[in-house]
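Throughout, read-outs are computed from the coordinates displayed, never taken from laboratory work. Here the structure is a predicted model, which means the values were calculated and not measured. For neighbour counting, all protein chains shown are included, and Cβ atoms are generated from backbone atoms with ideal geometry for every residue, glycine included.
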Amino acid sequence: MTKRIFSAIVGVSALVVALGMALVVGVLYGHFSGQLEKELEKEARYLAVAVENGGAEVLEALTGQQERITLIQEDGTVLYDNRASVGSMENHKDRKEFQDALKYGSGKDSRQSDTLSEQTVYYALRLKDNTVLRVSSTQYSVLSILYGLLQPIACVIVVLLVVAGLVASKASKKIVEPINRMDLDHPETTEAYDEVAPLLTKILHQKRTIREQLLEAKRRQEQFALITENMEEGLLVIDSKTELLSCNSSALRLLGGKRLPDPQSVLALNRSEPFRKAVETVLQGNHEILSIPLGGKVCRLIVNPVFREKEVTGAVLLLLDITEKTCREDLRREFTANVSHELKTPLTSISGFAEILRDGLVKTQDVERIGDRIFTEAQRLITLVNDVIKISQLDEGCIPYEKETVNLYRMGQEILERLQSEAEKADVTLHLEGGQAELVSVPSILEEILFNLCDNAVKYNRPGGSVTLSVKETEKGTEVLVTDTGIGIPASQRDRIFERFYRVDKSHSKEIGGTGLGLSIVKHGAAYLGAEISLESVEGSGSTFRLFWPDTAE
Amino acid sequence: MRNRFDEQLEQLHVEIIKMGALCETAISAAAQCLQKEEKELQRQVFSTDAEIDEKEKEIESLCLRLLLHQQPVAGDLRRISAAMKMISDMERIGDQAADIAELAPYIVQKNLSGRVKIVDMARAAVGMVTDSVEAFVRSDLALAEKVIEEDDAVDALFDQIKEEIIEQIRRQDVDAKVSMDLLMAAKYLERIGDHAVNVAEWVQYSITGVHKSNEHHPDL
């Protein structure tokens, strides 16, 4: 802008100077030409009087005359000339000023010389004797004057242009300065030219719009980030070249990848075969839902292609951790299968005995024995169903029991009393150790746990062995130990004994009895009551189950 | 023009990840073949090997196109030349996985895999391949270094297996023909380890510009 203003000012100055020069030269030239003509006329009249009175000889007496003086006869013959010899001069009757002088008494003409640089002005006057007196003078033409003045004119022009340049540079800077000084961040406070005011208003308006839009965009982005970051599910957005566009932290966690410097391919996060295949499928434009193993977890992967104008431009991948669900499903399936099996065994016996009874195949003396068997099997069924009910209640966590203060020592005494007859049968002695210990807990569940543990300790014992129930209140919490001198549990099976229907020695399970759900109930019950359960066992010499309630948990 | 170049470089990266993943699939399936006889697994190794060969050609032509059209320099040139070297190692891994899968049924039938540490060796080799691909994916120098170190363990296992086989043959308590198959499988695994080391070295090269070829001898 400064440049344009500068050149405009300098251009205008140059134009003004040039036009001024031309006008001055033109006007002055016209003025001087007129002046010259007048002088010539005056001199001609003065000489005419002299020649009429004194004859042509007067002319010869004149010296130092600047003008050229010629005396011409009526027929055009030159009688006298003060610049050239008369003999060499041609006839002048064709000359315009001569003819005009003869006709009208006076005549004038001006002619360019051959070089164009000079112009001769003539004035002719008819004398009384019909001779014509002509006075002429040479003057420079406009061009030659200009040519002659070229140097000074150039000097003047240069000086003027330099001055114009300096002034223009200053002026243009001054004009542009307020525009440069405009604070575009705060256009409302800027005072500049009125002409830019609409522009500033527009800028202000657009600034507001941009700010609002930015805020809106930021808000949406934050909203999106907030939603996706707090999702348990992994969300990934990729483009058609598998490059990751967006990815939440759950997705990174599930895929077991680290965020790399962008851009990166989603395959850099995980390149396992099923995942790769799923990505390929989705980028071909197919929707798919599949379960894939991911680093020890099972995930449901839902892939959706993103279309724009019927072309796949990317995909949205959703990952759900279904490890627990799958695990539970497996457990449930196993449980159902086991329960059905356990239910079927006694039912088959009952059904078999009932059948032979109906068909009258049983002797009278055997009826009692058969009845006893049916009763035993039915009892087993009831116990099993009870256990299943207990465990599903613990599973669901919806037990309608209220907590109350329990005297653990007294509870231990009662349990051991209940087991006394069975223990005697198995030739196992029961001991209770420790002192008074109280616990706020659900008595029925607690009793179930302790009973199951002690019952197991008796069942899996050896003749002459012992079971010790120890109740203690330590500094850190309440501790219950059930120690037996039994067969012990092999190290490899210790993790599995709490599973439902799991038996260490499957071949003898029928003899020992029980449902196979005892320890499972213990585990779930302990978890429900907030107790830690641990096991120490030496194969062949006994096991110790330890229940511990940390004080903080109470 | 440059954008297109960057896009192609990214594509190259993704393709190599895919090829690496295929190698992992092939070698781990081959390792499983050594544990149990399963026709389906064997077929999987063969088809994956074919896919790997296909991928090698694809990546090679992509590299050549990049070299010809874009005339890359410095780091980009290094990445592309390392890629070209890497894929030939990966292709060899695929081939050797297929070779192992071919031998595996004989070894499993004679229940030989339980008597020597071939499964351990397979596991170690799979780990090396996985790590070398991972090092490439993450441009992880430390992991590449780890792969190179792990090779010693695989070599040691090979020597151990060789000794055990010799001992078994000497005691004549094993079919010598199958022992040879076992030895071959072990050798292939050892080779796969070497190729994984090569891949790791090319990863180092593409990051640092220095190649450790004077320490190890890549059999390209």
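Would you grab the residues whose amide H sits under 5 Å from the one on A:GLY477? Only those 5+ places off in sequence or on another chain, please, with H modelled 1.01 Å from N.
Those lying under 5 Å, H to H, from A:GLY477 are A:ASP551.
Taking every pair of Cα atoms in the protein assembly as shown, average 1/r, invert it to obtain the Kirkwood radius, and report Rg/Rh to two decimals.
1.48
How much length, in nm to one decimal, is gained on full extension between A:THR405 and A:LYS472, taken as 0.36 nm per residue of separation minus their Cα-Cα distance?
Between A:THR405 and A:LYS472, full extension yields 22.6 nm more.
Evaluate the Debye formula for segment A:326-392 with equal point scatterers sitting on the alpha carbons, no solvent, and hand back log10 of I(q)/I(0) at q = 0.12, 0.18, 0.27 Å⁻¹, in q order, two decimals.
So the normalised log intensities work out to -0.42, -0.72, -1.12.
Work out the mean other chain Cβ neighbour count within 10 Å for the residues of A:236-248 and drop it here as an integer.
Counting other chains' Cβ atoms within 10 Å and averaging over A:236-248 gives 1.
Quick test of the membrane-span-like rule: which DSSP H helices of chain A reach at least 20 Å along their long axis (C-alpha atoms) with mean Kyte hydropathy at least 0.5?
Span-like helices, by this rule, are A:2-54, A:142-180.
Kindly count the pairs of lysines across segment A:436-535 whose alpha carbons are less than 21 Å apart, treating pairs on different chains or eight or more residues apart as eligible.
5
Hey, got the average number of other protein chain Cβ atoms within 10 angstrom for residues in B:15-28?
3
Just tell me which aspartates and glutamates come within less than 17 Å, Cα to Cα, of A:LYS96; anything on the same chain fewer than 8 places away is out.
Reachable aspartates and glutamates: A:GLU37, A:GLU41, A:GLU74, A:ASP75, A:ASP109.
Report the full-extension gain for the segment A:LEU199 to A:ASP183: residue separation times 0.36 nm, less the Cα-Cα distance, to one decimal in nm.
Contour length minus the Cα-Cα distance gives 4.5 nm.
What number do you get for segment A:2-147 when its Cα radius of gyration is normalised by 2.2 N^0.38 Å, N = residues?
1.44
Between A:LEU226 and A:LYS325, what is the FRET efficiency for a Förster distance of 35 Å, r being their Cβ-Cβ separation, to the nearest 0.05?
The computed FRET efficiency comes out at 0.85.
Add -39500 (n - 2.57) for each DSSP H run of 4 or more in the protein assembly as shown, then divide by its residues: what number comes out at 222 nm, to the nearest 500 deg cm²/dmol?
-21000 deg cm²/dmol
Taking a ≥ b ≥ c as the square roots of the Cα gyration tensor eigenvalues, with a/c under 1.5 meaning rounded and otherwise prolate when a/b beats b/c, else oblate, which class fits segment B:25-173?
Verdict is prolate for segment B:25-173.
Where both residues lie in the protein assembly as shown, what percent of DSSP beta bridges are antiparallel, nearest 5?
Taking every DSSP beta bridge within the protein assembly as shown, about 95 percent pair in antiparallel fashion.
With chain B treated as a Gaussian network of Cα nodes joined by springs under 10 Å, which of B:ARG79, B:ARG191, B:ARG43 yields the largest mean-square fluctuation?
Answer for the Gaussian network model of chain B: B:ARG43.
Using only the alpha carbon atoms of segment A:256-380, find the Kirkwood hydrodynamic radius as the inverse mean reciprocal pair distance, in angstroms to one decimal.
19.8
Determine the shape class of segment A:303-451: with a ≥ b ≥ c the square roots of the Cα gyration tensor eigenvalues, call it rounded for a/c under 1.5, and otherwise prolate if a/b is greater than b/c, oblate otherwise.
Oblate.
Excluding same-chain residues fewer than 8 positions from A:LYS103, which lysines have a Cα within less than 24 Å of its Cα?
Once the sequence-local lysines are set aside, what remains near A:LYS103 is A:LYS38, A:LYS42, A:LYS93, A:LYS128.
Projected onto the charge dipole of the protein assembly as shown (+1 at Lys/Arg Cβ, -1 at Asp/Glu Cβ, origin at the Cα centre), which of A:GLN436, B:VAL108, A:HIS186 gives the Cα projection farthest towards the positive end?
A:HIS186
Which residue, B:GLN204, B:GLN172, B:GLN109, tops the fluctuation ranking in a GNM of chain B built on C-alpha contacts under 10 Å?
B:GLN172
Identify the GluC sites (Glu not before Pro) of segment A:53-140 meeting these criteria: DSSP loop state and at most 16 other C-beta atoms within 10 Å of the C-beta.
Loop-located and lightly packed - A:GLU74, A:GLU90.
Could you tell me what percent of the DSSP beta bridges with both partners in segment A:395-510 are antiparallel, to the nearest 5?
Counting only bridges with both partners in segment A:395-510, antiparallel ones make up about 65 percent.
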